[in-house]
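First the structure, in the form of structure tokens, and then the observations on it.
Coordinate-derived values only; no laboratory data. Note that the coordinates shown come from a computational prediction; the quantities given were computed from them, not determined experimentally. Cβ coordinates were reconstructed from backbone atoms using ideal geometry, including for glycine residues, and neighbour counts include every protein chain displayed.
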Amino acid sequence: MSDVTSADWADGFTARRALAKSISAVESGGPEALAIEQRALQQPAAAHVLGFTGPPGAGKSSLISALLPHALDHYGAVAILAVDPSSSLTGGALLGDRVRMDYRHFDQKVFFRSMASRGYQGGIAAATRASVNVLDAAGWPLVIIETLGIGQVELEVMDLADRVAVVLNPGWGDSFQANKAGLTEQGDAFVLNKADRPGLENAKILLEQSLQCLPTATPPGVFSTIATDGEGIPELWQALSNLMQVPAGEQQSRRRSVAIMEGAKAQLLQDFDEFLASPAAASPETAPSEGAVDLLQRFYRQRD
Amino acid sequence: MKPKRILMAKTGLDGHWRGPTIVARALRDAGFEVIMIGMATTAEIVAAAIDEDVDLVGLNIGGHIDVALRAVDAVQSAAPDMPIFAGGTIPPHACKQLEAKGLEVFPPGSMLTDIVDSANRLTGLSTAP
Amino acid sequence: MRPKDPQDTVQACSDIPLKSYYTAEDIPASHAERVNVAPGEAPYHRGFHPSGYRSKPWRIFQLSGFGKPEDENERIKFLLKNGETGFIMEHDRNTADHCYNVDHPEVLARREDVGLTGAVMQSVRDTAICLDGLPMDTSFGHAGGAVVQHAPFALAAYWAVAKKRGYDLSTLAGTGQSDFNLTYLGCVTKQQIPTDAGLRFNGDIIEFCTEHLPRWVPVSIAGYNGADTGLTPDQELGSLFANAVEYLDEIQLRGRIPLEVAARACGGVSFRASIKIFEEACKMRAARLMWSDLLKERYDIKDERVANLRIHCVTAGSKMAYQQPMNNLVRGALMAVSAVLGGVQSLGVSGYDEALSIPSEHAHQMSVRIQQILMEETGLTDVTDPLGGSYYVETLTAQLVEKSWAFFEEIQTRGGYLACLDSGWLHAKAEENQHKEFMQTESGAANIVGVTMAHDDSSPFEIDGFIGTDDAFDVALERLKEVKRTRHEKGAMRALKDLERVCRGSDNIMPVMMDCLEAEATLGEVGDVYREVFGDWRTPIQC
């Protein structure tokens, strides 16, 4: 990244800050977040969304960093949302994915946002979906999502991304049950990163065997890479970009319907919370089960 | 209450990581989301501060003060409302220069509780002096 | 730190509980037989030479340098004049650690930092300026190259200058460093060759030295940065010997030189001397014992001369306080005492301004004075291993040995020292300890005078950071252009091409590195070859 002074960026900063702040607003949740997302959804969906998932230490960040120059060549601009876990004890988080990137490729054409899971269980953050829609509306042609890295059942990225790459290392079979985690059924490409580690051939065989069991005609591809020195990266990018040639209509309708559903649910919960805080929620003495039905009926009546 | 986000960057190319890690961990334990970007140039620090929309910028400084001052000026120019605090091997004359720019400075020997208090104050979580 | 009740437990830094007093019964049976050996007898915990400091004082050996090579030259001459008995070349971190020239964008972005922590030496011409008029043949020079990827360049530069001055490399004494704990644990640089490439480099350096520079210490297996990053004394010992095993196993695998020869070369190590006086002295005694046992038991080396572990010590920089810097003179002196009680061969005392900057002239002078006072006035040099036979010291030494071997074994079960660096396991251990140590200070359980208590300071001296010179970058840039303009370009390019070929193959890197230096290839050009061939180490920590 060239050593530009702030003066050079003067105009860029205003637009950039606004984008960054709208993602923060979306992270905060609440009516403003919903409004921002609904506004974003009014734009036609054009961005391609590519997810990377896999266990911690697989090298997802390094892999994304290695693929970035290829992605930039292809798409012109790339946004990356990287999710890390929040501490359930303190609510804080150490977000260390950005530091794994090669900053030489970072300029105005790259937008990197670290997101803490904030207790959300889906492997991404609650705000990741809305952030994707905001970035899409702002014109970013490719959004990469890097999941939490636990990879067990947190697979929401599969719904959100057009395509998902599962990143594993040689020796994965010993420590990580990809089949049990459901990843073999949902990954569109499988990457054996840190391919210089012992056990590559076995890992490949094991993976390919699992993938053969899938009902699809052609099983997803398996690729070997060493992200830190670029080995296997151009081939992987080629395969991923081919996979990303998704018909525009399909992605638009899927993302829209998910957004509408989630937006509606969030709104509903919010309306109910408001109702609970209001005097109309005060309940007479009844049995608990009757109390719940009674409460809901009063809520519905109040909405009419 | 949404957690506050703090950027932690090192202005020099010195790789000692003891100090920054301890501070990052203390801030995390105090409920902050800490975005560590390691050794970063002025432009990289500004880009991170903006794109990550942080509530506070933390600089670990260990070399010539002018390198750090450049980063401070750039952040203050791009985001005048964004508070900055600094720690590290900062000799007295350099502390004064940073303080003159409105920074809170934590040379070696600073207590973690003071750093956390400062973070709380600078991000608007507390108003105690 | 004072416990509230004598019944409360007090722990040594290695988490070994300390009793309020010791008797002969406390010495573990395994060690009891070894207590009565004399210095000069296996397992050498009492020292390798019976006459100790009477026949050879420790070397006064200070880290030194900043700015342009001539500034470093001046500071080294100042230290030699003031009484140091060896000299160390410090290299600018921005350039050397990363093998960047000053025109690299990462360096340009931090141009004022250039020269702050060491002199900039981008070509053999710079090294020659730095070494101008220095007694390379009669003194003991440290060529720098503390960082693993920098080591071959730094060594070759030093040796190229020596050759040019007509010195016989086969009799040249001095030392390299190429320190894994520094490079991969304590001071993780922005970019570095992976650990396996580093091991290859060090194997090459060891082999090259045993053949061409038998009096040169090829690499220094160093504990300092492990310790100053958080490893406890037992972990410092365990990891240092795990590091040594990587080198010895590598040499054994290559099968080109006898293992005893390599072991003898690897017997130059360095430790941190921290401020718990007795534990640190025990650490040095434990180290000699462990080295002797390691060579016999793991490698079946019978030559007793190989068990001579030559220890260099640097006092703990992290123990020097920012507040009330004068107090640091006391700290430096006491840490030096613990090293001397431990019988080390070489010592560097951190400057009293360590927490503020690199040492000023005065701070540097004081580091030498401290050592001279210990040497001349205190009687510490009169008797070898004066602590030998102390119930406490022998017990603690034995307990440290046991704990250190346990840590060593744990490293082995996790794949060895390199694997533990790559996985971040050692970093996690260090971090855990850092955190504990900080919490002790924060909670008031541990006190630091002048920092957590006794804040009043009536010192009349205003001590500020030393800022060296301000022309290091500009001059370095000029000299870089000059070298590229006036060297024999074809020769330099050919040497670099050869370097690339050798890096990709398995020939020893040092001969071609000598060619590169003599052909005036520059640091950044050599670094570019490394980056192309070896890629970048994936750091296990994110900071």
To the nearest 20 Debye, how big is the dipole of chain C about its Cα centre, given +1 on the beta carbon of each Lys and Arg and -1 on that of each Asp and Glu?
980
Ranked by how many other beta carbons lie within 10 Å on average, peptides A:117-125, C:149-157 from highest
C:149-157, A:117-125
Count the net charge of all other residues whose Cβ sits under 10 Å from the Cβ of residue A:59, scoring Lys and Arg as +1 and Asp and Glu as -1.
+4
With x for Gly and Pro, the residue-by-residue ³J(HN,Hα) of the stretch C:198-211, computed from phi through the Karplus equation 6.51 cos²θ - 1.76 cosθ + 1.60 at θ = phi - 60° and given in whole Hz, is x, 5, 4, 4, 5, x, 5, 4, 4, 5, 4, 5, 5, 7
GNM, chain A, Cα, under 10 Å: largest mean-square fluctuation among A:141, A:219, A:55?
A:219
Taking a threshold of 25 Å on the Cα-Cα distance, which of the pairs C:283/C:319; C:77/C:190; C:319/C:436; C:68/C:163; A:60/A:204 fall above it?
C:77/C:190
Which ordering of C:326, A:244, C:284, A:101 is given by a fewest-first count of other beta-carbon atoms within 10 Å?
C:326, A:244, A:101, C:284
Averaged over C:102-115, number of beta-carbon atoms from partner chains that fall within 10 Å
5
Using the Cα gyration tensor of the stretch C:395-473, with a ≥ b ≥ c the square roots of its eigenvalues, what is the shape: rounded (a/c below 1.5), prolate (a/b larger than b/c) or oblate (neither)?
oblate
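Among the trypsin sites (Lys or Arg not before Pro) within the stretch C:243-273, which fall in a DSSP loop and have no more than 15 other Cβ atoms within 10 Å of their own Cβ?
C:256
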If you put +1 on each Lys and Arg Cβ and -1 on each Asp and Glu Cβ, how big is the dipole of the stretch A:6-250 around its Cα centre, in Debye rounded to 20?
460
At 7 Å along the Cα-to-beta-carbon direction for both residue C:305 and residue C:425, put a label point, then send me their distance in nm to one decimal.
3.7
Taking K and R as +1 and D and E as -1, what net charge do the other residues with C-beta under 13 Å from the C-beta of residue C:61 add up to?
0
When chain B is treated as a Gaussian network with springs between alpha carbons less than 10 Å apart, the largest mean-square fluctuation among B:115, B:65, B:37 is found at B:37
Based on the mean of other Cβ atoms within 10 Å per residue, sort peptides A:107-114, A:187-194 so the most packed one is first.
A:187-194, A:107-114
DSSP bridge orientation in the protein assembly as shown - percent antiparallel, rounded to nearest 5
5
Calculate the length of the line joining the C-alpha centroid of the stretch C:356-420 to that of the stretch C:142-162, in whole Å.
26
What whole number of Å gives the distance from the Cα centroid of the stretch C:213-244 to the Cα centroid of the stretch C:264-332?
8
q = 0.09 Å⁻¹: log10 I(q)/I(0) that the Debye formula gives for the protein assembly as shown, counting C-alpha atoms only
-1.03
Among B:11, B:46, B:57, the residue whose Cα sits farthest towards the positive end of the charge dipole of the stretch B:5-122, when +1 is placed on the Cβ of each Lys and Arg and -1 on the Cβ of each Asp and Glu, is B:11
Which value, in debye to the nearest 20, gives the size of the charge dipole of the protein assembly as shown about its Cα centre, when Lys and Arg are +1 and Asp and Glu are -1 at the Cβ?
640
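Take the Cα atoms of the stretch B:5-122, build their convex hull, and give its volume per residue in Å³.
Hull volume normalised by residue count: 86 Å³.
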Relative to the longest principal axis of the C-alpha atoms of chain A, give the angle of the C-alpha long axis of helix A:248-277, reported between 0 and 90° and rounded to the nearest 10°.
40
Of all DSSP beta bridges located in the stretch A:6-250, what percent are antiparallel, nearest 5?
5
Please list C:534-542, C:380-388 highest first by mean number of surrounding beta-carbon atoms within 10 Å per residue.
C:534-542, C:380-388
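Where both residues lie in chain C, what percent of DSSP beta bridges are antiparallel, nearest 5? Show your work: numbers first, answer last.
Details: 2 of 24 bridges.
Restricted to chain C, the bridges split so that about 10 percent are antiparallel.
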Give me the Kirkwood hydrodynamic radius of chain C, using the inverse of the mean 1/r over all pairs of distinct Cα atoms, in Å to one decimal.
23.8
Which of the lysines could be linked to residue A:265 by a straight reach, that is with a Cα gap under 17 Å, when you skip same-chain ones fewer than 8 residues away?
none
Tell me the angle of helix C:523-534 to the major Cα principal axis of chain C, expressed in degrees between 0 and 90 and rounded to the nearest ten.
80
With Cα atoms, 0 to 90° folded angle of helix C:391-413 axis to chain C main axis
50
Computed label-point distance, nm, for sites residue C:24 and residue A:258 using a 7 Å Cα→Cβ extension:
7.8
Taking each residue of B:95-107 in turn, how many C-beta atoms of other protein chains fall within 10 Å of its C-beta, and what is the average?
1
Which Cα, out of A:241, A:49, A:38, lies furthest along the positive dipole direction of the stretch A:6-250 (beta carbon charges, K/R +1, D/E -1)?
A:38
Computed helical MRE - 222 nm, chain A, DSSP H runs ≥ 4 contributing -39500 (n - 2.57), nearest 500
-15000 deg cm²/dmol
In peptide B:58-69, what is the residue-averaged number of other protein chain Cβ atoms found within 10 Å of each Cβ?
4
